[in-house]
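Worksheet for the structure shown next.
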Amino acid sequence: MSEKVWAKAAAAMIAAGAIPLPVTDTLLELLRTIMDEEEAAFIPVFTKPSLNMEEIRERCAMDDAAITSMLDRLLHKGVLMVTTSRSTGVEVYTLMPPFPGLFELTLVRGEKGEKEQRLAVLFERLFEELSQLVQANYDNVVEVLKVIPPITRVVPVECEVDVKGEGVMPLEDAMEIVDKFDTFAVSHCYCRHHKDLLGKPCEVTDEKVNCLTFGRSARFMIDYGFGKEISREETKRILRECEEAGLVHKFFHEKNDPERDEFALCNCCKCCCGTFELHYRGAAPMQTYASHRAVIDAELCNACGACVEMCPMEAVSLADGAAVVDEKKCIGCGVCAYHCAGEAATLERTGMRQVYVPPPRKR
């Protein structure tokens, strides 16, 4: 019976996410490291990813005091997240899938105890299993992954944007999005912390506390000890430092819908970011929304190679004495334009588009 409890909990958490994972021994061990069996037995209550209190009552035989206690335990462990609906004022509890979700909330505090060391190893093993699964069934899996909508939107760093017919326009960037909110939280970067725990520190920056959340999500992070409240000015300072380091701004939207409000921002590097890493190890496509594309003025380009070195998507190469952009791979992050000393690289507005770059075939 105990094995069935854990298997059902794992299946419910997988169903709550967008990535189709198998229930493996690694995933089960991961869940056992995070929660106890009583908590695991509660997880299948979530027959859909998000439930309010009334819906939870309908799905279990526990009294309100026991439900409240259970929810509180799972919230502090990062298994659940709670926000308040703007339209109804009702609290909504959301079950975290293994990735993205559980990975972030179990490592975002930046703790380095025995439990966190174990989690880092287990997540690494889980990612490798996913890579092997995708590579073993590459053609079929890549086709299936194409229909999964992106979970992030890349917003360019602070650099000039070239709009055809309109000249240089003011930047539609992360700073403008920050101005929409009043509540901000900063947390430890879970991806860089994961690498630190594995003894593989970031190659791009020593700064670890630069994951940002906004609005209702920020309030959750603050209330449950996953992050620290900061001001709008401090948020913008962190973003500027991330731009100087060549990091990519990736926003997460409510319900993965770019028409809805943003709730979190990751400042990503190629060597640590989970989505970049899963792509390069052949486990997942790079899939995101973008609204810009890099363009190179060949006459201004001196072929210094800075953009080639810094592009996180390896979308820039040198040919015939100038940089060339592979438009299918470009996510419009603006890192090349921001760091181009000769101002040969700029960004062109494209309107909202989806970028889908299949994982590299390793076999």
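The values are calculated or read from the model by the stated rules, or taken from the named source; none is laboratory data. The shown structure was predicted, so the numbers you read here are calculated from the model rather than taken from an experiment. Cβ: placed from backbone, ideal geometry, glycine included. Neighbour counts: every protein chain shown. What goes into the accessible areas is simple: the full protein's heavy atoms, side chains included, and nothing from ligands, DNA or RNA. Shrake-Rupley method; radii C 1.70, N 1.55, O 1.52, S 1.80 Å.
Here are the numbers:
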item	result
Sole exception among (1) under 22 Å from LEU145 (Cβ atoms); (2) open to solvent by 20 Å² or more (accessible area, probe 1.4 Å) for ALA315, by number	(2)
Hits in segment 288-297 (condition: open to solvent by less than 30 Å² (accessible area, probe 1.4 Å), within 22 Å of GLU262 (Cβ to Cβ) and touching a Leu at 6+ places or on another chain (Cβ under 9 Å))	HIS292
Scan of segment 268-277 for residues that are in contact with a strand residue (DSSP E or B) (Cβ under 9 Å, 6 or more places away or on another chain) and either over 21 Å from PRO358 (Cβ atoms) or not in a strand (DSSP E or B) (or both), ordered by number	CYS269, LYS270, CYS273, GLY274, THR275, PHE276
Selection from segment 291-314 of residues that are in a loop (DSSP other than H, G, I, E, B), closer than 19 Å to LYS270 by Cβ and aliphatic (A, V, I, L, M)	MET313
Candidates LEU265, LEU239 - the one that is assigned to a helix (DSSP H, G or I), open to solvent by less than 30 Å² (accessible area, probe 1.4 Å) and among the aliphatic types (A, V, I, L, M)	LEU239
Wholly within segment 15-132, helices (runs of 4 or more DSSP H) carrying at least 2 residues that are modelled with pLDDT of 95 or more, surrounded by 15 or more Cβ atoms within 10 Å (Cβ to Cβ) and touching a Gly at 6+ places or on another chain (Cβ under 8 Å)	103-107
When residues of segment 216-229 are limited to those that are part of a helix (DSSP H, G or I) and open to solvent by 20 Å² or more (accessible area, probe 1.4 Å), the one nearest to GLU91 (Cα to Cα)	ARG216
Leading residue by the ranking (farthest from GLU327 (Cα to Cα)) among those in segment 349-363 that are among the charged types (D, E, K, R) and surrounded by fewer than 16 Cβ atoms within 10 Å (Cβ to Cβ)	ARG363
Residues satisfying the stated conditions in segment 248-261, i.e. within 19 Å of ALA185 (Cα to Cα) and open to solvent by 10 Å² or more (accessible area, probe 1.4 Å)	PHE252, GLU254, ASP261
Near pairs, Cβ below 7 angstrom, 6+ apart or cross-chain, from segment 332-348 (at positive phi) to any residue that is open to solvent by 20 Å² or more (accessible area, probe 1.4 Å) and aliphatic (A, V, I, L, M)	GLU343/LEU300
